[in-house]
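Since the structure comes first, as structure tokens, the remarks are kept for the end.
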Amino acid sequence: MATRVKNGIVKYFKDNIGIIIALLAMCIFLVIYPRTSSTFLTQKNIFNILRQNSTNLFLATGMTMVIILGGIELSVGSVIALSGCVAAICAVNLGLPEWVGFLAALGVGAAVGIFNGFVISMTDIPPFIVTLASMNITKGIALVLTGGAPIRCMTDVFKFPGAGYVFKVVPTPVVLMLIIFVIASLMINRTQLGRHMYAVGGNAQAAKFSGINVKKVKFIIYTYTGLMAGLAGIVTASRLYSGQPTAGDGAEMDAIAAVVVGGTSMSGGSGRIGGTLIGVLIIGVLNNGLNLMGVDSNWQYIVKGMVILLAVYVDWIRSRRR
């Protein structure tokens, strides 16, 4: 058993050595750089990075599976907004217990995922178009429900998923982050669904001829991704103490960036959730480092865009070598 674990760890580092070196290089730079040296490695800042990027990991686990399938999911950012607003509406406007609002938010995320999965699996409409449409529909519903204004909720129960602590030490989003990562790892690496997902992403027609239910695989993966977006919406609303119809703007881009940086191929059929975790940390450290350095937020978009382009270029080179 110990040998098996050791071999798994060694293989993990071998498979992800490039992005691990990139992450370490960024951390070393931020430790050395005078403006960030005193704040970057503090416990408060490390937990802050993990807390803020927990929602990105939720989205990235689903996005990894979707991209391995050869698809894309653009509606997750809008689902964050709608699910967070629904949770706040249930607790504030309807006077329901907070846990009912959280379940309703998860239901909203699952419903959007079911819609996307059904349309994509039952038709030949490209996932880009389907999820782009649902992104706008979901965003519109959030704005209609709230009138474009945030709905504040300051109860302790509402604040616990995003701003609370487990045992008064570890932020709740960090615990949820670890749980979701383990679940996603098991789904991808230890289940029949995970094996079928790679087969469909590699060659959907061949997978169908081999007896794999391609429609079912697509439906389940998109539903899971919607559910993760609903969870991200709960944590985001909880952290902001309110449901905001503008929350989650651009979240799908950060998730895609983390997945691509983590080594998942945009052409489908290959990718690992372990690489996605490192990709999430790279994006998180990059955002945090730029903020600590005082870089203007407008320039941060340019830097992240360049990182995504570089990651896709590296993937293109890898594909050509294969």
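The values are calculated or read from the model by the stated rules, or taken from the named source; none is laboratory data. Worth saying up front: this structure is predicted, and the values here are computed from it rather than measured. No Cβ is skipped: glycine too gets one built from the backbone with ideal geometry, and neighbour counts run over all protein chains shown. Ligands, DNA and RNA are excluded from the accessible area calculation, which covers all protein heavy atoms including side chains. Shrake-Rupley method; radii C 1.70, N 1.55, O 1.52, S 1.80 Å.
Limited to the stretch 33-47, what total is found for residues that are over 24 Å from the mean Cα position of the chain (by Cα) and open to solvent by less than 50 Å² (accessible area, probe 1.4 Å)?
Within the stretch 33-47, residues that are over 24 Å from the mean Cα position of the chain (by Cα) and open to solvent by less than 50 Å² (accessible area, probe 1.4 Å) number 1.
In the stretch 122-160, which residues are in contact with a Lys or Arg (Cβ under 9 Å, 6 or more places away or on another chain) and crowded, with 18+ Cβ neighbours inside 10 Å?
If we filter the stretch 122-160 for residues that are in contact with a Lys or Arg (Cβ under 9 Å, 6 or more places away or on another chain), which is where we start, we get 122, 127, 153, 159.
Matches in the stretch 122-160: 127, 153, 159.
Looking at (1) farther than 19 Å from residue 245 by Cα; (2) in a helix (DSSP H, G or I), which one does residue 95 not meet, given that it meets all the others?
(2)
State all residues of the stretch 192-243 that are open to solvent by 10 Å² or more (accessible area, probe 1.4 Å) and touching a Cys at 6+ places or on another chain (Cβ under 7 Å); if no residue qualifies, say none.
241
Could you please tell me which pairs satisfy a Cβ distance under 6 Å, a separation of 6+ or placement on different chains, a first residue in the stretch 23-48 that is in contact (Cβ under 8 Å) with a residue 12 or more places away in the chain, and a second residue that is open to solvent by 50 Å² or more (accessible area, probe 1.4 Å) and part of a loop (DSSP other than H, G, I, E, B)?
From the stretch 23-48, the pairs are 45/39.
Checking residue 304 against (1) among the basic types (Lys, Arg); (2) under 30 Å from residue 106 (Cβ atoms); (3) modelled with pLDDT of 90 or more, only one condition comes out false. Which one?
Just one mismatch for residue 304, condition (3).
If I filter the stretch 176-190 down to residues being among the aliphatic types (A, V, I, L, M) and within 18 Å of residue 230 (Cβ to Cβ), which single residue comes out as surrounded by the fewest Cβ atoms within 10 Å (Cβ to Cβ)?
Taking the stretch 176-190 and keeping what is among the aliphatic types (A, V, I, L, M), we get 176-180, 182-184, 186-188.
Okay, now just the ones that are also within 18 Å of residue 230 (Cβ to Cβ), so 176-177, 179-180, 183-184, 187.
Details: 176: 21, 177: 23, 179: 10, 180: 19, 183: 13, 184: 23, 187: 18.
Result: 179.
Among the residues of the stretch 125-148 satisfying the criterion of being in contact (Cβ under 8 Å) with a residue 40 or more places away in the chain and of a type in the set (Gly, Ala, Ser), which is farthest from residue 98 (Cα to Cα)?
Only one residue fits best here, namely 134.
Any residue in the stretch 286-297 that is under 16 Å from residue 250 (Cβ atoms) and under 20 Å from the mean Cα position of the chain (by Cα)?
Yes: one or more hits.
Looking at 30, 59, 23, 50, which one is modelled with pLDDT of 90 or more, open to solvent by less than 60 Å² (accessible area, probe 1.4 Å) and under 30 Å from residue 201 (Cα atoms)?
On the way: 30 fails: under 30 Å from residue 201 (Cα atoms); 23 fails: modelled with pLDDT of 90 or more; 50 fails: under 30 Å from residue 201 (Cα atoms).
The match here is 59.
State whether one or more residues within the stretch 130-150 are on the phi < 0 side of the Ramachandran plot, outside any helix (DSSP H, G or I), at pLDDT below 95 and not aromatic (Phe, Trp, Tyr).
Initially, the stretch 130-150 is screened for residues on the phi < 0 side of the Ramachandran plot, giving 130-146, 149-150.
Okay, now just the ones that are also outside any helix (DSSP H, G or I), so 149-150.
Filter once more, keeping what is at pLDDT below 95: 149-150.
Checking which are not aromatic (Phe, Trp, Tyr) leaves us with 149-150.
The answer is yes; a qualifying residue exists.
Return the total of residues in the stretch 252-300 being open to solvent by less than 10 Å² (accessible area, probe 1.4 Å) and in contact with a Lys or Arg (Cβ under 8 Å, 6 or more places away or on another chain).
5
Quick one: which helices (runs of 4 or more DSSP H) lie wholly within the stretch 202-286 and hold at least 3 residues that are closer than 20 Å to residue 26 by Cβ?
On the way: elements: 204-209, 214-240, 251-261.
By residue number, 251-261.
What's the total number of residues in the stretch 261-300 that are closer than 19 Å to residue 49 by Cβ and not hydrophobic (A, V, I, L, M, F, W, C)? Let's see the steps before the verdict.
Just the residues of the stretch 261-300 that are closer than 19 Å to residue 49 by Cβ, to begin with: 261-262, 274-295, 297, 300.
Those left that are additionally not hydrophobic (A, V, I, L, M, F, W, C): 262, 274-276, 279, 284, 287-289, 291, 294, 297, 300.
Summing the residues that are closer than 19 Å to residue 49 by Cβ and not hydrophobic (A, V, I, L, M, F, W, C) in the stretch 261-300 gives 13.
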